[in-house]
């Protein structure tokens, strides 16, 4: 598993102020399109940040995502736990699935432009 993803999963395991008490995965609400998009973008940011850290020329074409991408995930994750009733463990599992899906379908380059727009719109 990539280092940034592990960092993000670690951050998910930390207490988050002002979030509702999470419920079990079986009773968590399904994610709406905006929530799913935020989760997918969080995974994309983690992938690009790791590639940037490794010096990948294609990844370096994107703005630096180490800090901004991590902060986006922290904020989005807190909202997901609050709004969808996810536990930290469920959120981490969803993030891992998104990373695996992006790798499997090779969609990173296609999803980065809208994800960068979402990042800019978030004010981070």
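The values are calculated or read from the model by the stated rules, or taken from the named source; none is laboratory data. On a predicted model such as this, the values are computed, not experimentally measured, just so you know. Positions of Cβ are generated from backbone atoms using ideal geometry, with glycine treated the same way; all protein chains shown enter the neighbour counts.
Out of everything in the range 89-117 that is under 15 Å from residue 64 (Cα atoms) and surrounded by 12 or more Cβ atoms within 10 Å (Cβ to Cβ), what residue ends up being nearest to the chain's Cα centre (by Cα)?
Among those that are under 15 Å from residue 64 (Cα atoms) and surrounded by 12 or more Cβ atoms within 10 Å (Cβ to Cβ), it is 115.
Being more than 13 Å from the chain's Cα centre (by Cα) and crowded, with 19+ Cβ neighbours inside 10 Å is the requirement here; does residue 84 meet it?
Here the answer is yes, as residue 84 does meet what is asked.
Criterion first (over 20 Å from residue 31 (Cα atoms) and touching a residue at least 40 places away in the same chain (Cβ under 8 Å)) does residue 103 satisfy it?
In short, yes.
Keeping to the range 22-52, report how many residues are over 12 Å from the mean Cα position of the chain (by Cα) and either modelled with pLDDT of 95 or more or surrounded by 15 or more Cβ atoms within 10 Å (Cβ to Cβ) (or both).
7
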